[in-house]
C-alpha cells in the first residue's frame, strides 16, 4: 500500500513526505521574499511576506489570519501593525460587525500582493521546468486532491473511535 519501506532503519531513514514538502515550501517562501525585495519592497522581512497565503489578506480578521498561518494573534497583530505603518493595509471596522476589524489592502498593499503572486508564479514555473510538464501536472493534481480531502476532513466534526 505504501511506497515507503516499513523496515526503516534509524541509521538510514528516507525522508517522510512532510519533510520533503517542507524543503519545497521553504524554497518557495525564499523565492517569494527574494521577488519582493527585488521589486523594491525593502521595508519588509520574510515574516511579513509569509502572511500572504492564497487567496490573500483582503477582508480577513486578524484572528483568521493567525489561524491560517499558525502563529499567535499577538504576532499577527505586530506584523499587521508594521504593514499598516508602512502603508500596505488598514485594519478597518467590519461592515457586518463594527466591533471587529478586518484587513483592507491599500493600493500599495495590492501592488505588493501582485508582486508576491508573480513571484509565486515564477517559482511554480521553476518547479515545472525541473519536473517537466507531465510530472508537474501529476504533482499539481495530487496536491489539489490532498488539499481538498484534508480540508474536508478538518471541516467535518471528529468523532471518537468506538
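For the stretch 127-138, name all the residues that are part of a helix (DSSP H, G or I) and either at positive phi or exposed (fewer than 13 other Cβ atoms within 10 Å of the Cβ) (or both). Show your work before the answer.
Pass one, the stretch 127-138, residues part of a helix (DSSP H, G or I): 127-131, 133-138.
Scanning the stretch 127-138 gives 129, 130, 133, 134, 135, 137, 138.
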The helices (runs of 4 or more DSSP H) lying wholly within the stretch 13-118 that contain at least 3 residues that are in contact with a helix residue (DSSP H, G or I) (Cβ under 7 Å, 6 or more places away or on another chain), touching a residue at least 40 places away in the same chain (Cβ under 8 Å) and surrounded by 15 or more Cβ atoms within 10 Å (Cβ to Cβ) are 17-38
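Of all residues in the stretch 88-105, how many are under 21 Å from residue 50 (Cα atoms) and more than 22 Å from the chain's Cα centre (by Cα)? Break it down into steps so the answer makes sense when it comes.
First pass over the stretch 88-105, keeping only residues under 21 Å from residue 50 (Cα atoms): 88-91, 101-105.
Going one step further and asking which of them are more than 22 Å from the chain's Cα centre (by Cα), we end up with none.
Total satisfying the criteria: 0.
Kindly indicate which of 58, 84, 30 is in contact with a strand residue (DSSP E or B) (Cβ under 7 Å, 6 or more places away or on another chain), within 28 Å of residue 143 (Cβ to Cβ) and at pLDDT 95 or above. Full working, then the answer.
Numbers: 84 fails: within 28 Å of residue 143 (Cβ to Cβ); 30 fails: in contact with a strand residue (DSSP E or B) (Cβ under 7 Å, 6 or more places away or on another chain).
Exactly one residue qualifies, and that residue is 58.
The values are calculated or read from the model by the stated rules, or taken from the named source; none is laboratory data. The shown structure was predicted, so the numbers you read here are calculated from the model rather than taken from an experiment. Reconstructed Cβ throughout: ideal geometry from the backbone, glycine too, with neighbour counts over all protein chains shown.
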